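Okay, structure first, notes after.
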Amino acid sequence: MDDLQQLFPESLLRSGTIVMAGPCSAESKQQVLQAARALKDQGISIFRAGVWKPRTKPGGFEGIGTPALEWLAKVKKETGMLVATEVANERHARDAVESGVDIIWIGARTSANPFAVQDIADYLASLSQEQKERLVVLVKNPVNPDLELWIGALQRVYGSGVRRIGAIHRGFSSYGKHLYRNPPKWRIPIELKRRIPGLPIICDPSHIAGRRDLISSLSQQALDMNFDGLIIESHCNPDCALSDKEQQLEPEVLGYILQTLVRRSEKASTESLGLLRQQIDRLDDELLELLSKRMRVARDIGRYKKEHDMPVVQAGRYNDLMQRRVEAAERLDMSGEFMRNVLSAIHEESVRQQLEITTKQ
Ligand code: PEP
Ligand code: MN
């Protein structure tokens, strides 16, 4: 999949990163143009604005729809910026492409729906070769943390013949109270990068954070993890925005944040980094050895339980073990949640191995 950074050299900021910015929603011609001019002044050359807005509940601002595409065309003409918007079905995609939108993205609710993605992909397949070569299609992660579904949506788009494809990581829906509106679960986009190394991935700290004070640190984290760019919501008067007002930044504030971000160079990889990586490799090997030893003991316990007609899972013992290890991990500066995940994965494999023994005749 093509590298977006090569496709848009003019979009490179000093930090060497693709930056797309603009309001959550296109609300009026004046609001759109004012935001675009102010963002252009901050050195940003890709403008985003939602024309069709998927709302969780009825009654909210659902976007202006097709007429707002004219405002994006005006932004393009007047400022020379590239323009981007979200599409959720074939009609949206058609209207956006026909009005000259440069970049379309498939939103998180839509990429969770293979029928909708396929309909959009079928429309993209009908474009002329020249249109296919020009258009950029970005696929946001589905709202649910399902990497295969995300990859499936990318494959459907790829199948249309469009080649300028990228992914957007915007975090994942969850139940209950969290620091983030959509917790990032970084290991999912990192695994996506491992599975499709050439795919550019852009981070959307606005929808991950849900609040403006977290956007700067999330953006830096994304750059530190080698994301290829950022898409950030920006509005000239965030408090009056018709959608996502808590997370939008004024263009000047965004400009300031972008200047403070540091893009660390991969090329700076020095000898000492190589040595540290060797240490990590050795430690991983030791971990593997230890885990295999632990499984051997677990299988011995399984044989004992079988001989004595005991159940494989003893919840009391497991809870006790979990509690103690989680506390110990926290004393060692690791998160309790991390240790819980590690232990439950180890426990699951021990149980699987013991069950193999106890169910054997
Ligand atoms: C958006 O970008 O404004 C948007 C609705 O995003 P998401 O699909 O990530 O919720
Ligand atoms: Mn939004």
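The values are calculated or read from the model by the stated rules, or taken from the named source; none is laboratory data. These numbers come from a predicted model, not from an experiment. So basically every Cβ, Gly included, is an ideal-geometry build from the backbone, and we count neighbours across all protein chains shown.
Some values worked out for this structure:
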quantity	calculated
Pick from region 235-264, criterion within 11 Å of ligand 2 (Cβ to nearest atom) and surrounded by 23 or more Cβ atoms within 10 Å (Cβ to Cβ), ranking: farthest from C203 (Cα to Cα)	H235
Residues of region 23-43 that turn out to be within 16 Å of ligand 1 (Cβ to nearest atom), touching a residue at least 60 places away in the same chain (Cβ under 8 Å) and within 15 Å of L82 (Cα to Cα), as a count	3
Cβ pairs under 7 Å, 6+ apart, first in region 49-71 and aromatic (F, W, Y), second assigned to a strand (DSSP E or B)	W52/E86; F61/S25
Qualifying residue in region 74-82 (condition: within 16 Å of ligand 2 (Cβ to nearest atom) and either over 21 Å from the mean Cα position of the chain (by Cα) or within 21 Å of I232 (Cβ to Cβ) (or both))	no
In region 177-214, the residues that are among the charged types (D, E, K, R) and touching a residue at least 12 places away in the same chain (Cβ under 8 Å)	R181, K185, E191, K193, R195, D204, R211, R212
Whichever residue in region 292-338 is in contact (Cβ under 8 Å) with a residue 24 or more places away in the chain and not in a helix (DSSP H, G or I) and, among such residues, is nearest to the chain's Cα centre (by Cα)	V313
Answer residue from region 44-59, given it is touching a helix residue (DSSP H, G or I) at 6+ places or on another chain (Cβ under 7 Å) and assigned to a loop (DSSP other than H, G, I, E, B) and is farthest from ligand 2 (Cβ to nearest atom) among those	S45
Count of region 74-89 residues which are surrounded by fewer than 24 Cβ atoms within 10 Å (Cβ to Cβ), touching a strand residue (DSSP E or B) at 6+ places or on another chain (Cβ under 8 Å) and part of a loop (DSSP other than H, G, I, E, B)	1
Residue check, L149 modelled with pLDDT of 95 or more, surrounded by fewer than 22 Cβ atoms within 10 Å (Cβ to Cβ) and either under 24 Å from I190 (Cβ atoms) or touching a strand residue (DSSP E or B) at 6+ places or on another chain (Cβ under 9 Å) (or both)	yes
In region 42-99, the residues that are hydroxyl-bearing (S, T, Y) and under 20 Å from V143 (Cα atoms)	T56, T85
Residue in region 265-278 that is under 26 Å from the mean Cα position of the chain (by Cα) and at pLDDT 85 or above present	no
The listed residue being in contact with a Phe, Trp or Tyr (Cβ under 9 Å, 6 or more places away or on another chain), within 16 Å of ligand 2 (Cβ to nearest atom) and farther than 27 Å from G255 by Cα, out of E62, E90	E62
Among residues of region 90-106, those that are assigned to a helix (DSSP H, G or I), small (G, A, S) and within 13 Å of L72 (Cβ to Cβ), counted	1
Residue within region 187-207 that is crowded, with 18+ Cβ neighbours inside 10 Å, more than 22 Å from T17 (Cβ to Cβ) and modelled with pLDDT of 95 or more present	no
Lone unmet requirement of (1) surrounded by fewer than 21 Cβ atoms within 10 Å (Cβ to Cβ); (2) in contact with a Lys or Arg (Cβ under 6 Å, 6 or more places away or on another chain) for P114	(2)
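Here's the yes/no breakdown for (1) away from ligand 2 (no atom under 15 Å from the Cβ); (2) within 30 Å of I64 (Cβ to Cβ):
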site: G152; (1), (2): yes, no
site: I165; (1), (2): yes, yes
site: P189; (1), (2): yes, no
site: S206; (1), (2): no, yes
site: S219; (1), (2): yes, yes
